[in-house]
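Chemist: Got a structure for you, written out below as structure tokens; questions coming shortly.
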Amino acid sequence: MEVLVASRVHQTQRTHVRRSGRALPGGGGSSAGERIIGSMKLADAEARLGIALSQRHRDAMLDSSDPIHDACDFLVPSSPYELLRWVEVNEFLHAADQSNRWPAFLVAFASNGCGDYFAYDLRREPTAVIYMDPDYSVEENLSADDRLSYPSFEAWYVSRLGSAWGRSGP
């Protein structure tokens with residue numbers, strides 16, 4: 001199943017996306033050729049990133065009408081917009097040439113659209129979610145006593161939808 005999602009204003013040096021789903025000059029267009037190139041099945045993406053997602057996370061990824069897509073830039077296996085492609089974003093964050101390279105145990109899955117990410121910390125069981133602030137190094141983010149974290153995807157999901165709607169729950 002190919003999922004095509006573009007929901008929030010997402011501005012970077014390379015890609016600009018509007019809620020209308022149209023790419024602005026700078027990349028990330030939506031031609032059929034790009035959709036095919038950007039297409040990846042969820043099971044393949046999970047295997048490539050070394051993670052087994054919860055059913056709730058899988059359901060949200062595969063349902064473009066899920067409200068989480070409006071609450072944040074929720075990464076998906078396939079998108080015409082490169083900055084929403086789950087595997088590609090993680091490969092970029094883990095690349096050897098990154099000055100603030102992410103360790104393999106962090107797997108990003110959502111963003112506020114400003115270079116920050118919500119990520120799984122695979123060192124913990126059950127897998128926890130942590131916020132990675134772009135103004136700090138990976139080490140600073142991981143060692144901060146006051147870092148934003150959630151015990152699970154489900155806790156993050158409920159909190160995120162609550163904050164997007166201005167209350168504590170959906």
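Chemist: Of the residues that sit in region 138-149 and are within 19 Å of Cys72 (Cβ to Cβ) and open to solvent by 40 Å² or more (accessible area, probe 1.4 Å), which one is modelled with the lowest pLDDT?
Modeler: The residue in question is Arg147.
Chemist: Which one is nearest to the chain's Cα centre (by Cα), of the residues in region 69-100 that are within 14 Å of Pro134 (Cβ to Cβ) and of a type outside the set (Val, Ile, Thr)?
Modeler: That would be Asp73.
Chemist: Can you tell me how many residues within region 48-78 are among the small types (Gly, Ala, Ser) and without any contact (Cβ under 8 Å) to a residue 40 or more places away in the chain?
Modeler: Within region 48-78, residues that are among the small types (Gly, Ala, Ser) and without any contact (Cβ under 8 Å) to a residue 40 or more places away in the chain number 2.
Chemist: Filter the helices (runs of 4 or more DSSP H) completely within region 52-170 down to those with at least 3 residues that are over 19 Å from Met40 (Cα atoms).
Modeler: Helices (runs of 4 or more DSSP H) meeting the threshold: 68-71, 138-143, 153-164.
Chemist: A further question on this structure: Somewhere in region 9-22, is a residue of a type in the set (Gly, Ala, Ser), surrounded by 14 or more Cβ atoms within 10 Å (Cβ to Cβ) and at pLDDT below 95?
Modeler: no
Chemist: Further question: Checking the structure you have, find out if any residue of region 78-85 is open to solvent by 30 Å² or more (accessible area, probe 1.4 Å) and of a type in the set (Asp, Glu).
Modeler: Yes, region 78-85 has at least one match.
Conditions tested, residue by residue: (1) hydroxyl-bearing (Ser, Thr, Tyr); (2) open to solvent by less than 60 Å² (accessible area, probe 1.4 Å); (3) at pLDDT 95 or above; (4) touching a Leu at 6+ places or on another chain (Cβ under 9 Å).
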residue	(1), (2), (3), (4)
Leu106	no, yes, yes, yes
Gly113	no, yes, no, yes
Ile130	no, yes, yes, yes
Tyr136	yes, no, yes, no
Pro151	no, no, yes, no
Trp165	no, no, no, no
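Chemist: In region 115-127, what residues are at pLDDT below 95 and surrounded by 18 or more Cβ atoms within 10 Å (Cβ to Cβ)?
Modeler: Thr127 - this is the single residue of region 115-127 that is at pLDDT below 95 and surrounded by 18 or more Cβ atoms within 10 Å (Cβ to Cβ).
Chemist: Let me ask something additional. Please find, within region 58-103, the residue that is farthest from Glu154 (Cα to Cα) out of those that are out of contact with any Pro (no Cβ under 8 Å at 6 or more places or on another chain) and of a type in the set (Val, Ile, Thr).
Modeler: Among those residues, the one meeting the criterion is Val89.
The values are calculated or read from the model by the stated rules, or taken from the named source; none is laboratory data. From a predicted model like this one, the values you see are computed outputs, not experimental measurements. We place every Cβ from the backbone using ideal geometry, glycine too, and count neighbours over all the protein chains shown. Accessible surface is based on the protein model in full, side chains and every heavy atom, while ligands, DNA and RNA are left aside. Shrake-Rupley method; radii C 1.70, N 1.55, O 1.52, S 1.80 Å.
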